[in-house]
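Right, one structure below, let's go through it.
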Amino acid sequence: MDRRSFICGIAFAMALGAGSARADPVEDFYKGKQIEIIVGTGPGGGYDIYARLLAQHISRFVPGAPTAIVRNMPGAGGLRAANHIYQNAPRDGLSIGTFARDIITFGVLGGNANVQYDVRKFNWLGSASSFSTDAYILWARKSSGIATAEEARRSSKPLLMGATAASSSATVPLVLRDALGLNLKVITGYQDSGSVGLAVDRGEVDGQFASFSVIHLEKSHWLAADGPVRPLVQYVRTTRHPLLPDVPTARELAPNDHARLTIEVAEAAWAMSRPFVAPPGVPAERVEALRKAFIAVQNDPAYIRDAERARVDVSPMDGATMLGLINKFGDAPPDILDYMRKLQAAE
């Protein structure tokens, strides 16, 4: 071999080695592929809105720039989707999902035969909202004749609250019935929050629990002075929402310390209000890439602008913080956890 060939060979080997050193296995895996975001509710609700916002932006932040699509999988208040993600979704980093925050509660409490997942073994990517700028509201039709929480407490006739099965729309009325003495009766069987809202508009039920931001987006006619409903109680608030200064919080209405603590524990999962997960068993480097991409999206100016247009809260939480809160939730006083298990069993 002459000197020139020898030098060229060394140069080629060095270039090849440098190329190998620069190779990113995560980028190589995701390049040309598609991420599926499974949503445990039907189209149009708050969880669906957050999933579609994420799908629009996440490609720019995952190595390899995979595309993203949304697949709705409603059923059983999000349990169908949670069980699918945990048990059946591919464990390669191409399937992620979001579902009702109640899925966290069910997983911590145990005792529900329909729960087929270990909440601590999901790969938690983060939450798109910690609910810090939102509020979960008891909305009641004006035609019900109930104008305040105190009237709901004194009324001999219960307010009929529409709800989906195994969801916060079903459990929160029961918590406030027991902790505050509000005369509420839950009517379940609705597929999603949109169908509950339609039932309220039709007068099939007297009201529902729904977040202020989602109502602002989907039911703006409710907020008009001559709208069909009025807000009675704010839930998941330590102080009154700035836009609802005349509506008391559940904590304000608590008659004693134990009732207040019950409400605080019941509200705990709401700090993880819009959770996103990957299945267990996904390679660690891909989980890390997804976690970084998720938080990067939440801080991206283009995403924030789109979220503002959609009128949804942007107050993200990372996956490690979420897992810490899940573990802390399990350390609540035993009698309150037992109470919440009874609520779950009654659904």
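The values are calculated or read from the model by the stated rules, or taken from the named source; none is laboratory data. Quick caveat, the model's predicted, so the values are computed rather than measured. As a convention, Cβ positions derive from the backbone with ideal geometry for all residues, glycine included, and neighbour counts pool all protein chains shown.
The table that follows gives values for the structure above.
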| quantity | calculated |
| --- | --- |
| Qualifying residue in region 121-139 (condition: free of Cβ contacts under 8 Å to residues at least 60 places away in the same chain, of a type in the set (V, I, T) and surrounded by fewer than 24 Cβ atoms within 10 Å (Cβ to Cβ)) | no |
| Filter result for the condition that a residue is crowded, with 20+ Cβ neighbours inside 10 Å and hydrophobic (A, V, I, L, M, F, W, C), over V265, V236 | V236 |
| Single residue of region 168-222 satisfying the filter (more than 26 Å from M272 (Cα to Cα) and touching a Phe, Trp or Tyr at 6+ places or on another chain (Cβ under 8 Å)) that is surrounded by the most Cβ atoms within 10 Å (Cβ to Cβ) | V200 |
| Tally of residues being within 18 Å of T249 (Cβ to Cβ) and touching a residue at least 12 places away in the same chain (Cβ under 8 Å) across region 175-201 | 8 |
| In region 49-82, the residues that are in contact with a strand residue (DSSP E or B) (Cβ under 6 Å, 6 or more places away or on another chain), among the basic types (K, R) and in contact (Cβ under 8 Å) with a residue 24 or more places away in the chain | R71 |
| Residue match in region 245-252 (condition: farther than 15 Å from L138 by Cβ, out of contact with any strand residue (DSSP E or B) (no Cβ under 7 Å at 6 or more places or on another chain) and without any contact (Cβ under 8 Å) to a residue 12 or more places away in the chain) | yes |
| Unique residue being closer than 26 Å to I215 by Cβ and either touching a helix residue (DSSP H, G or I) at 6+ places or on another chain (Cβ under 7 Å) or modelled with pLDDT under 95 (or both) when the list is A278, A293, A310, A289 | A310 |
| Count of residues meeting criterion [of a type in the set (S, T, Y) and more than 15 Å from L79 (Cβ to Cβ)] in region 154-183 | 2 |
| Lone qualifier among L323, L253, L243 - being surrounded by 16 or more Cβ atoms within 10 Å (Cβ to Cβ), more than 30 Å from E36 (Cβ to Cβ) and either of a type in the set (A, V, I, L, M) or modelled with pLDDT of 95 or more (or both) | L253 |
| Lone qualifier among V175, V196, V186, V200 - being aliphatic (A, V, I, L, M), part of a helix (DSSP H, G or I) and more than 18 Å from G45 (Cβ to Cβ) | V175 |
